[in-house]
Amino acid sequence: MLPVLSILLATLLASTLLTFLSGRWARYVALAGSVVFLVEVLLLLASFTQWAGFGAGGVPQYNDPETYPWISISWLTVNYAVGIDGISLVLVLLTAFLLVATVVYSWREEKEPALWFGLVLLTCLGCYGVFVALDILLFFLFWEAVLIPMFFLIGYWGGPRRRYAALKFFVYTHVASIVMLVSLLAVAFYSGAASFDFTSLYGPARALGATTQVFLFLGLFFGFGVKFPIVPFHTWLPDAHVEAPTGGSVLLAGLLLKLGAYGLIRWAVELLPTGLGHLAPLLYAVAIASIVWGSVVALAQRDLKRLVAYSSINHMGIVLLAIAVGSSLGVTAAVLLMFAHGIVSALLFMVSGSVHHTFGTRDINAIGGITPRTPALSTLVMVGSLASLGLPALISFPAEFGALLAAWDRISYWVLLPLLILVVTAAFYMWLMQRMLFGPPKGIPANVHEPPSFELAAMSILAALIVLYGVVPSLLVQVIVNSPIQGWP
Amino acid sequence: MDPLAYAPEFVVLAAALLVFLADVLGVRRLEAFGGIATGASAVAFALVLADLGTPVLSGLSTLPAGVLDAPLGPGITSFTSLGLVFQAIFLLAAFFVSLASLSRPSAEAGSAVFFGLLLLATLGMLLVALSADLIFLLLAIELASISTYLMVGYSRKEARHLEAAMKFYIIGALSTALSFFGASLLFGAYGGTSFYGLGPAATPIGYPTLALVGYALLIAGLGFKVTAVPFHAWAVDVYDGAPTDVSAFLAGGTKKMGIFAFFLVFLAPLLILGHTPALGPRGFASALQLTLGIAAVLTMTVGNLLALLQKEMKRLLAYSSISQAGYMLIGVAVASGPAVAGATFQVLAHVFMKTGAFLVVAAVASLGVGPLIEDWRGLGPRRPYLSLSFALMLLSLAGVPLTIGFVSKFVLFSSAVQAKGPFVWLAVAGLLNSALSVFYYARILKTIYLDPPAPTDAPAAVPAPAAGIGWGRGAAILLITVGIVALGIYPGPVLSGIQAAASQFVFVGG
């Protein structure tokens, strides 16, 4: 059988290296590499008809599995082990879409283009690896591999306070990674598993006692939660987003935030169900706090980018709520919302970047009535905003609906709280559109024109995906359910 | 015993004598002395690897059959796989430093002294790794130590080198006194000083307090050698004041013999005597283990906290070296086969990372860049290869994946978690410290890559890229960088070898 997943990894690795070396041709190499990767992922998606199912002892199996020994000493067995199920495949698809969109959007990057495109590819390589890795060490390795390129993307291409933001991002997420790693090691050693392989951990880890599971789950929740980000560990996010260049923000919001949620599903919820059961109230509380805090603070923002950043905290709170439910419906909705938020926040960060280039400011109050002058850009602002507020027939709606429906099963009337917050979210996006797009013209430079065609192209791709998957969400849902959550209530 | 078994030691000794002889005969070229030292350490390295049973080199092995990892007897030397692994590590450090030192100014005064003493210190370290007797061990440490005191002050010109040498000597003498006093108490308690008599063949004693005091004094005496807190203060002044190549050897090489000495002296009371019923349920092992654990945590924490405050590159590296010693002491405190393997791999990693880092500092200083961290501003774009090497070394020290430093910390901290119980806290302390250390490593990376060079001193601070660092130094840095990445990506065979050696180590297996 073809080592499909390694071929995809090799594609990204080769494109990254070639891009670093190709000087002023970097953007062409990067585009070629990312398009090849997207085509490969689409082929993988087309060939993914049936998930491998549960093996002996109820241990989930994975499609296209590969296992090679890596470190093997008497008490420590580490493998290069990869495999996919529906959940990881959808997120790999998201990675491929955002990679192409980011490369196209930053087509005219002037500052060290070879370095820029190479680091963008490297970030996506790390994310891809996280989604397919089935071994603790390999998972952690890719997890950390995302940090370093992102540190440079923010710290070298970012805004005025970029160095502070890059350092804060690095330190917050690195400390969290360490807690995550020690918790995963403890899962392996306390359960007495034969190796660090997910499939060999599965049985022993689920058999751990309740107290052990609770402690381990807490460690993992903190480790993954900072990446989410959950309140109160979210403060790195607005800083990182505001200072990051547009492409960096797109990857940060679109992919990096998904790593935490994916890790929580795969390595905490699947391995430690008893721990989740005992800690669910805490997770609900944190999730609702993030939802409320994210959207209330977003309401007070004047900077378009900061607003989108805070609304990310809100959306990821809904993802956490759905994961905490721990049901088949909840996790399906969570993964769908992760995909949706990945595309929508990417689009919104791109439009804020383009607004900034076009009008010289991102201050919502400083510009108004831009529609007659830049109709294409304001259409895209509208698509992004409407998708983000959860308009039916756009991608976020089925996901948020599913998440709240799943939550209703567990927390009943408390669901009203996030539901009311959705109204607030809708309000601030409507208000935003009213002020920026339709009000009386103000703050518009005389020689203003539409953003360059490559920026519009990148944003249009994302807008098309928002509509496509909004109208036919079953395209994604039927893939997501092809995973171990089939066996869940 | 067949004298050929000591072939690596003889090679190094002969090379040292050859260097001094050539100096007496009027040879004045640094390249000649450096060539001898580099060649001798490479040959001895190959011989040690052959003795360890490396497939390609096995024809070179001079070790008689059945000698390696034989049960400990009352002799003064013994051949253990773990000892040979440490020998290989010491020789690697000596090789890197002598290769890099080939790029020192050709007519430099005192170069024969430098290379001769480097070889003699290496000889002392090799003998440490063969020790089977406490007195022999302490004498071998003395041979290495006295050579290094002189190396620090070999140039005899700069006052700060001499000051560092003096400080190093006085502290070293104190440490020796403490160690020998501890050894004499152990002699009183057990009636012998061979590790056989202190371990497997220990006679039940009536004075456990005496032995405990003896071991406490040895923790202090050997603690100076590995820069364990609170016996660490000298290290910063000495590493800072010494010529940078010597600092590379001290941090990457001689400090590591202290770790092996810790294994030799303390694994027996922790693992063997601890199970002697005459000494109570765990003997005094619990007290020793607690002391060593606290020393490990203190060492890494103090080292890291003080490193955060440093403004000079060499002082920062010295403090980071102290914190790394703390990680290695975890292996001594946990005292299990996996932990010994983890600590040994950490020692190997540290040779690459810290020797490499000091060699880069020497290279950058030779380009005319000042000693402060902020003098390195904007070095990244101007010296891309040198900066990339340094960045990889720092990332490795910080424990970032795909570097050897990640693998070593991963194995070491895993071994602490694997031992479960209270040892998990050692892993947590180690990991929190790794996180803390990221602050100052990231700050250096930021200075090198993100900060613009200061406009006023730019021409003086960073000369044109044409200025070279010398091929010897370049080759050493390249080899180290390749090693950091290669062993970070695929540690398999080396790690398996170290694990096998650790699990066969006399005190662990016995």
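The values are calculated or read from the model by the stated rules, or taken from the named source; none is laboratory data. What you see is a predicted model; the values in this text were computed from it and never measured. Glycine gets a Cβ as well: all are built from the backbone with ideal geometry, and neighbour counts include every protein chain shown.
Quickly run through region A:158-190 and pick out the residues that are surrounded by fewer than 22 Cβ atoms within 10 Å (Cβ to Cβ), in contact (Cβ under 8 Å) with a residue 60 or more places away in the chain and more than 19 Å from A:G223 (Cα to Cα). Once the filter is applied, which keeps residues that are surrounded by fewer than 22 Cβ atoms within 10 Å (Cβ to Cβ), in contact (Cβ under 8 Å) with a residue 60 or more places away in the chain and more than 19 Å from A:G223 (Cα to Cα), region A:158-190 yields A:G159, A:P160, A:R161, A:Y164.
Taking region B:190-209 as the search range and keeping residues that are of a type in the set (A, V, I, L, M) and out of contact with any Ser or Thr (no Cβ under 9 Å at 6 or more places or on another chain), which one is nearest to B:V229 (Cα to Cα)?
B:L198
On inspection, B:T62 passes the criterion of being surrounded by fewer than 20 Cβ atoms within 10 Å (Cβ to Cβ), within 24 Å of B:L17 (Cα to Cα) and among the polar types (S, T, N, Q). Going residue by residue through region B:470-480, is there one that turns out to be away from chain A (no Cβ under 14 Å), modelled with pLDDT under 90 and either touching a strand residue (DSSP E or B) at 6+ places or on another chain (Cβ under 6 Å) or not in a helix (DSSP H, G or I) (or both)? The answer is yes, given that some residue of region B:470-480 is away from chain A (no Cβ under 14 Å), modelled with pLDDT under 90 and either touching a strand residue (DSSP E or B) at 6+ places or on another chain (Cβ under 6 Å) or not in a helix (DSSP H, G or I) (or both).
Count of region A:331-355 residues, restricted to those that are under 12 Å from A:A261 (Cβ atoms) and not aliphatic (A, V, I, L, M), is 3. In region B:101-134, of all residues being modelled with pLDDT of 95 or more and out of contact with any Phe, Trp or Tyr (no Cβ under 8 Å at 6 or more places or on another chain), the one that is farthest from B:L49 (Cα to Cα) corresponds to B:L120. May I ask you to verify whether B:L392 is more than 14 Å from chain A (Cβ to nearest Cβ) and in contact (Cβ under 8 Å) with a residue 12 or more places away in the chain? So B:L392 fails the test.
Would you say B:A307 is over 14 Å from the mean Cα position of the chain (by Cα) and within 14 Å of another protein chain (Cβ to nearest Cβ)?
Judged against the criteria, B:A307 is not a match.
Taking region A:38-93, which residues are assigned to a strand (DSSP E or B) and within 14 Å of chain B (Cβ to nearest Cβ)? A:Y68, A:P69, A:W70, A:I71, A:S72, A:I73, A:L76, A:T77, A:V78, A:N79, A:Y80 - these are the residues of region A:38-93 that are assigned to a strand (DSSP E or B) and within 14 Å of chain B (Cβ to nearest Cβ).
The C-beta contact set for region B:410-430 (first residue more than 7 Å from chain A (Cβ to nearest Cβ), second residue outside any helix (DSSP H, G or I) and among the hydroxyl-bearing types (S, T, Y), distance under 8 angstrom, 6+ apart or interchain) comprises B:S415/B:S336; B:A419/B:S336.
For every residue, the table says whether it meets (1) touching an Asp or Glu at 6+ places or on another chain (Cβ under 7 Å); (2) in a loop (DSSP other than H, G, I, E, B); (3) surrounded by fewer than 18 Cβ atoms within 10 Å (Cβ to Cβ).
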{"site": "A:N365", "(1), (2), (3)": "no, yes, yes"}
{"site": "A:L377", "(1), (2), (3)": "yes, no, no"}
{"site": "A:V381", "(1), (2), (3)": "no, no, no"}
{"site": "A:L394", "(1), (2), (3)": "no, yes, no"}
{"site": "A:F397", "(1), (2), (3)": "no, no, no"}
{"site": "A:E400", "(1), (2), (3)": "no, no, no"}
{"site": "A:L405", "(1), (2), (3)": "no, no, yes"}
{"site": "A:W408", "(1), (2), (3)": "no, no, yes"}
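A:T11 meets all of the listed conditions (1) free of Cβ contacts under 8 Å to residues at least 40 places away in the same chain; (2) surrounded by fewer than 18 Cβ atoms within 10 Å (Cβ to Cβ); (3) among the polar types (S, T, N, Q) but one, namely (2). Can you find a residue that is at pLDDT 90 or above and within 19 Å of A:F140 (Cβ to Cβ) anywhere in region A:25-33? No: zero hits. Annotation: B:L139 fulfils all but one of (1) part of a loop (DSSP other than H, G, I, E, B); (2) crowded, with 16+ Cβ neighbours inside 10 Å; (3) under 24 Å from the mean Cα position of the chain (by Cα); the unmet one is (1).
Pick out the one residue from A:A376, A:A340, A:A333 that is touching a Leu at 6+ places or on another chain (Cβ under 8 Å) and under 22 Å from A:Q486 (Cα atoms). Of the residues listed, the single one that is touching a Leu at 6+ places or on another chain (Cβ under 8 Å) and under 22 Å from A:Q486 (Cα atoms) is A:A333. For A:L115, indicate whether it is within 14 Å of chain B (Cβ to nearest Cβ) and in contact with a strand residue (DSSP E or B) (Cβ under 7 Å, 6 or more places away or on another chain). No. Could you look through region B:496-510, keep only residues that are assigned to a helix (DSSP H, G or I) and either more than 10 Å from chain A (Cβ to nearest Cβ) or in contact with a strand residue (DSSP E or B) (Cβ under 6 Å, 6 or more places away or on another chain) (or both), and pick out the one that is surrounded by the fewest Cβ atoms within 10 Å (Cβ to Cβ)? That would be B:G509. Checked against the criterion of being outside any helix (DSSP H, G or I) and either modelled with pLDDT under 90 or not hydroxyl-bearing (S, T, Y) (or both), the candidates A:K227, A:K258 yield just one match: A:K227.
The single residue among A:S378, A:S345, A:S327 that is of a type in the set (S, T, Y) and within 20 Å of the chain's Cα centre (by Cα) turns out to be A:S345.
Out of region A:145-161, which residues are assigned to a helix (DSSP H, G or I) and either more than 8 Å from chain B (Cβ to nearest Cβ) or of a type in the set (A, V, I, L, M) (or both)? A:A145, A:V146, A:L147, A:I148, A:P149, A:M150, A:L153, A:I154, A:W157 - these are the residues of region A:145-161 that are assigned to a helix (DSSP H, G or I) and either more than 8 Å from chain B (Cβ to nearest Cβ) or of a type in the set (A, V, I, L, M) (or both).
Between A:F97, A:F142, the distinction of being surrounded by fewer than 23 Cβ atoms within 10 Å (Cβ to Cβ), within 11 Å of chain B (Cβ to nearest Cβ), within 30 Å of A:S328 (Cβ to Cβ) and within 18 Å of the chain's Cα centre (by Cα) belongs to A:F142 only.
The one condition from (1) within 14 Å of chain B (Cβ to nearest Cβ); (2) under 26 Å from the mean Cα position of the chain (by Cα); (3) without any contact (Cβ under 8 Å) to a residue 12 or more places away in the chain that A:F20 does not meet is (3). For region A:188-201, filtered to residues that are over 25 Å from the mean Cα position of the chain (by Cα) and farther than 16 Å from A:I73 by Cα, the residue that is farthest from the other protein chains (Cβ to nearest Cβ) is A:S200. When each of A:T235, A:T211 is tested for being of a type in the set (S, T, Y) and more than 30 Å from B:P422 (Cα to Cα), the lone residue that passes is A:T235.
Assessment of region A:466-486 against the conditions (in contact with a Pro (Cβ under 8 Å, 6 or more places away or on another chain), closer than 30 Å to A:L31 by Cβ and modelled with pLDDT of 90 or more) yields at least one matching residue. Look at region A:66-91: where a residue is without any contact (Cβ under 8 Å) to a residue 40 or more places away in the chain and a partner is assigned to a strand (DSSP E or B), sitting 6+ places away or on another chain with Cβ atoms under 7 Å, you get A:Y68/A:N79; A:Y68/A:Y80; A:P69/A:N79. Right, A:A166: more than 17 Å from A:G263 (Cβ to Cβ) and either away from chain B (no Cβ under 14 Å) or part of a loop (DSSP other than H, G, I, E, B) (or both) or not? For A:A166, the condition - more than 17 Å from A:G263 (Cβ to Cβ) and either away from chain B (no Cβ under 14 Å) or part of a loop (DSSP other than H, G, I, E, B) (or both) - is not met. The criterion of being under 30 Å from A:S453 (Cβ atoms) and small (G, A, S) holds for A:G158.
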